[in-house]
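The values are calculated or read from the model by the stated rules, or taken from the named source; none is laboratory data. If you're wondering where the values come from, they're calculated on a predicted model, not measured in any experiment. Cβ placement follows ideal geometry from the backbone for every residue including glycine, while neighbour counts extend to all protein chains displayed. These accessible areas exclude ligands, DNA and RNA; they are computed on the full protein's heavy atoms, side chains included. Shrake-Rupley method; radii C 1.70, N 1.55, O 1.52, S 1.80 Å.
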Amino acid sequence: MFKAIRQVIKEQIEFRNLILRMALFEIKGNYQIHYLGSIWQILNPSIQIAIYWFVFGLGIRGGDPINTSVGEIPFFLWMLMGLIPWFFISPSIVGGSNSVHQKVSLVSKMNFPISLLPTTKIVGNSFQFIIMLLLLVFVLFLYGIFPVLHWLQIFYYIFCLLVFLFSFAILSSTIATLVRDYQMLLQSMMRMLLYLSPILWDPNGDKVPDWISNILKLNPFYYIIDGIRNSFLGESWFFEDIIYMGYFWFFTFALLYFGTKIHLKFRSNFMDYL
């Protein structure tokens with residue numbers, strides 16, 4: 001029943017060194033013509049963070065803090081804990097979905113599985129994510145927030161994030177190769193999900209009805225981003241809401257199951273669809 005999942009995962013493990021080399025080569029190629037080089041990996045998200053904070057933190061909220069179960073948190077810090085995962089999620093989803101279409105003509109002439117291409121995009125984006133997380137920890141220290149036991153579950157949510165991104169990308173990259181309109185639709189959806197996820201506003205606020213908050217929680221990014229934020233703030237453990245955790249993993253496993261089956265079914269004919 002799970003033969004497709006085992007085969008695709010086996011390919012990732014067997015060619016893990018190739019994935020890393022391809023990811024590093026792609027990063028180098030993306031920034032080699034820029035004077036600042038890979039510094040743009042930090043500079044670009046920093047500029048976006050400044051803009052979002054100016055518009056939403058100062059402009060819309062007037063500098064008001066966010067009320068949490070552990071007290072008031074500056075909006076800048078609260079927003080930062082949501083934006084940094086999003087800066088990893090968004091390009092990994094969009095890039096991973098387009099990865100097969102971009103490189104399938106090259107891969108058809110080489111001897112390695114096409115399933116490595118979405119993973120390469122995710123691994124390439126993970127370097128920026130790790131650096132930004134370290135910078136976030138530094139900012140937390142500046143605000144007087146220091147490590148507590150809850151910080152350990154950050155690794156759980158990063159694992160959730162990686163598994164979900166891979167599951168989505170392996171399915172999405174196949175669909176995007178077969179139906180090119182899908183890529184345009186996905187890019188529009190990702191722009192919308194930025195505002196439907198708990199990144200720039202608090203869906204659990206007093207002014208938001210409970211039924212709206214519950215609907216928004218169906219978004220799997222909500223589970224990950226809210227979990228990372230709760231970990232840094234020491235608000236709750238991931239196993240406290242077992243039903244929500246079960247929903248996330250059921251949804252992720254369904255993506256992985258159907259994604260691997262569809263990928264293996266069509267990948268030998270990808271060239272015919274280009």
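Separation between the ILE42 and ALA254 pseudo-spin-labels, each 7 Å from Cα along Cα→Cβ, expressed in nm?
The answer from the label model is 4.1 nm.
Check the straight Cα-Cα distances from LYS261 and name the lysines below 18 Å, setting aside those fewer than 8 residues away within the same chain.
LYS3, LYS10
State the extension gain, in nm to one decimal, for the chain segment bounded by ASN111 and ASP210, taking 0.36 nm per residue of separation less the distance between their alpha-carbons.
Using 0.36 nm per residue and subtracting the Cα-Cα distance, I get 30.4 nm.
In sequence order, what are the phi-derived ³J(HN,Hα) couplings for region 51-65 according to the Karplus relation 6.51 cos²θ - 1.76 cosθ + 1.60 with θ = phi - 60°, rounded to whole Hz, with x for glycine and proline?
Result, ordered by residue: 5, 4, 5, 5, 6, 8, x, 8, x, 7, 8, x, x, 5, x Hz.
Efficiency by 1/(1 + (r/R0)^6): what FRET value for ASP181 and ASN269, r their Cβ-Cβ distance, R0 = 25 Å, to the nearest 0.05?
Using R0 = 25 Å, I get an efficiency of 0.85.
How many nm separate the modelled label positions at LEU18 and GLN102, each set 7 Å beyond the Cα in the direction of the Cβ?
So the two model labels end up 1.9 nm from each other.
How large is ³J(HN,Hα) for each residue in region 141-150, as worked out from phi by the Karplus curve 6.51 cos²θ - 1.76 cosθ + 1.60 (θ = phi - 60°), to whole Hz, x for Gly and Pro?
Once rounded to whole Hz, the list reads 4, 4, 8, x, 9, 10, x, 10, 4, 4.
List the aspartates and glutamates whose Cα sits under 15 Å from the Cα of LYS217, skipping any in the same chain fewer than 8 residues away.
ASP202, ASP226, ASP241
Give the value in nm², to one decimal: projected area of the alpha carbon convex hull of the chain, averaged over all directions.
15.9
Compute the long axis of helix 181-196 from its Cα atoms, compare it with the longest principal axis of the Cα atoms of the chain, and write down the angle in degrees, 0 to 90, nearest 10.
Approximately 10 degrees, to the nearest 10.
Any idea of the accessible area per residue across the chain, 1.4 Å probe, to the nearest Å²?
Per-residue accessible area for the chain comes out at 53 Å².
Tell me, what % of the accessible area of the chain is carbon and sulfur with a 1.4 angstrom probe?
67
With axes computed from alpha carbons, what is the tilt in degrees of helix 220-233 against the longest principal axis of the chain, rounded to the nearest 10 within 0 to 90?
50
Run the paramagnetic zone check for ILE243: 7 angstrom along Cα to Cβ, then residues of region 63-99 with backbone nitrogen under 18 Å.
Backbone N within reach: none found.
With axes computed from alpha carbons, what is the tilt in degrees of helix 16-31 against the longest principal axis of the chain, rounded to the nearest 10 within 0 to 90?
The angle comes out at about 70 degrees.
What are the lysines whose alpha-carbon lies under 16 Å from the alpha-carbon of LYS121, with same-chain residues fewer than 8 places away excluded?
Excluding near neighbours in sequence, the set is LYS28, LYS103.
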